[in-house]
Every structure is written in C-alpha cells, then in structure tokens.
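Have a look at the structure below before the remarks.
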Amino acid sequence: MSHTTSRRGLLFGTAAVSAGALLTACTSNDTKDDKAAANEQPAAADKPGKHVTIGFAGPQADHGWLNAINDNAKNRAERYSDVSLEVTEGSNDTAQQIGQIETLINKKVDVLVVLPADGKALTQVGLKAMRAGIPVVNLDRVFNSAQAYRCYIGGDNYGMGLNAGRYIGEKLKGKPNARVVELAGLDNLELTKQRTQGFDDALENYPNIRKVARQAAEFTVESGQAKMAQLLQAQSGFDALWNHDDDQGVGALRAIEQAGRDDFLMVGGAGALSAFQAIKKDDGVLKATVLYPPSMAASAIDLARALGQGKGVGGLAEFEIPASITCYSAVVDKTNIDQYMSTGFR
C-alpha cells in the first residue's frame, strides 16, 4: 500500500487527455474480466500528437498494490502510439531510487512520473528534475515541496477511513451499544493515521457506536493474521471490523476462520481481487472494501503525456492540467461488485 500522502487536492483540471479517460482510470467501471483497469479503459480520445518519452520511477513492488501500480503505468503507456516509457527497476532504497531518477534526468526524458519510496527524502531529486525543465507527476507519496512537481495525483487516505466509517455506521445505526474494532496498518506511516482519523470522524455521527479496540498490523498477510488473532482473543464480541488493507486482510480472514467467528461484518481497504471475489461470494464476514485505486498510475501516464504535448484535460475550461488530483475512495459491496470486479489487483 502507498506509504504516505497528505494532500487531498482538486479532482479536476483541463483540455486534451479526455476527462473520461482520466477520471475512469481513477474509478474504472469496466466489467469484462479480472484484468487491471488500465488494460480495459480506452486511451485518451484525442489523435496521436508529439512523441513523448516518459520516465517512470517507483519503489520495489513488494506488495500487491504496488505491483498493480507498475502494471497500470506500463499497460496505459502501451495504449499510446506517441508514448515511450522508460521504467526503472524500482527500489525501496532511497539512495538507489534517487540514482535511478537522476539517470532518467540525464537521459533527458520529456516528463517524469515518480512514486517515491520516501516523499521527503526524494524531494530534492524532484526539484532537480523540475529545474532541468522536466515536469514531474508526483504519484501518491507526496514530495515535501510543491516546487518538486508539476502535478500530484494520489489516493485519499482520510477518505478511505471516512467512507469505511460511514458504511459501518449505516449498517449499525439501528443497533444499541454497537461495538467496532479496527485493524490498522503501520502506525509510523502518516497514511495510517489519516485512515484512522477519517474512521473516527465518521463514527462521531453515530452515537450508538463505540470503537472498543484497535490493533496495528504491517500490510502483510502474516501480520494481518497474527494481529487479528490478538484482536479476536481480546474481544469476545463486536459488531464490525474495519481492516485498512486487503493484503493483510487475507491473513485477518484466516484468523477469523480459525477462530470460528462470524458474528460481525468486515470492511476492507484498497480493492484487491481476492476481496472482491469474497464480497461477491458473500458467504463470510467480508461485506465491503473501500478503494485506494492503483489505476491512479494509469491516470499519471495520461497526465504526463498531456504535459509532454502541452495539453490539458478535455471537457474542462482551463488550458492546463490541474496541480492536484485525488481519486475517490468508493465503497464496493455486493450491490456494485460487478461494476468494479475488473479493477481488482492481485
């Protein structure tokens, strides 16, 4: 899962990557199969233009969401005859990723798309690219300075928590003294704090609901299983669980099954294919998940192409692309699962 983003900016901008192509990449609704959303969404509707070389630098794909980020970027670029994509190997080592980005700068790519392993640590290399006249699309983990990028696009961590809390609140609003628990992600990450804050803020609208326990996991199957087992042992009865991440949710569901518990509803986070399949099957506790769509990487390629061609986003009045875009954290449950199934990541 993405490791920090505190900017929840504008959702709109301006005139040549089609608005439909950009926004459906953030929240795809293709239903044909289980491929990543970027494989199915149409490319921007405008005709091929000036050739653009895009440098793409991301962290090591050691998580299903990050792997999906890479796939979405590559698949999106392949849809354009006027785009070449230079992809780095990907690293969680800050110095190594800086070196990879500097190599792309030295190659004089037209635009950079960067998902930094550490936004703060990579701010300087973002500034270096911008000063060299290479516009930067900052993907999800935000740089410390707005001068280090031309456009930011990412997910809404606070919104994830808010929408998870609202969904649970509506399901439990008629139940007196309802109890909920939370299986969070890594507590040293700002995104985890934002997700928890959104969840807590939403629950304030439901005075009948009380959060009785919170446990932090590590975005892995193993940590999800271990920490969920602890929660289940400590809490003999509760009505709902919000789990921040669908990958660690695989482990959480194992612990729940091993404990023989089915007396509560569960809401996940991110949008993994395994979660979608469980929601559709509807024979367990998992009833919904709140999206953090990796298709934002496809949108980042759309934006980079527009920047390289001096264009904006079609259907809007401004001549330039926006400075900031936030993808919406939709809730997916059995009522709309077919709409989102093709966007699930492995």
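State the dimensionless ratio Rg/Rh of the chain (Rg: radius of gyration of Cα atoms; Rh: Kirkwood radius). Before the final figure, lay out each step's value.
Values: Rg = 20.1 Å, Rh = 20.3 Å.
My calculation of the ratio gives 0.99.
Here's how it looks for residue 292: its modeled amide H is under 5 Å from those of 270, 271, which are all 5 or more places away or on a different chain.
Scanning residues 5 or more positions from residue 87 or on other chains, those with amide H under 5 Å from its amide H are 56, with H placed 1.01 Å from N in the peptide plane. Sequentially through segment 219-226, phi angles give Karplus couplings (6.51, -1.76, 1.60; θ = phi - 60°) of 6, 10, 4, 5, 5, x, 5, 5 Hz, Gly and Pro residues having no value and appearing as x. Helix 246-259 axis versus longest C-alpha principal axis of the chain: approximately 20°, rounded to the nearest ten. Straight Cα distances below 17 angstrom link residue 211 to the aspartates and glutamates 170, 182, 200, 201, 239, 263, with same-chain residues fewer than 8 positions distant left out.
Relative to the longest principal axis of the Cα atoms of the chain, the long axis of helix 296-308 lies at roughly 20 degrees.
Between residue 95 and residue 230, the modelled labels are 3.3 nm apart [label points 7 Å from Cα along Cα→Cβ]. Taking amide hydrogens as placed 1.01 Å from N in the peptide plane, the amide H of residue 52 sits under 5 Å from those of 83, 84, each at least 5 positions away in sequence or on another chain. Its relative contact order, with pairs defined as Cα atoms under 8 Å and 6+ residues apart, puts segment 263-346 at 39 percent. For the pair residue 346 and residue 262, label points projected 7 Å from Cα toward Cβ lie 2.9 nm apart. Measuring against 30 Å, Cα to Cα, the residue pairs 74/107; 50/74; 108/193; 47/108; 173/334; 47/120 contain 108/193; 47/120 as the ones spanning a longer distance.
FYI, it's all coordinate maths here, none of it is from the lab. Here the structure is a predicted model, which means the values were calculated and not measured. Positions of Cβ are backbone-derived with ideal geometry, glycine not excepted, and every protein chain shown enters the neighbour counts.
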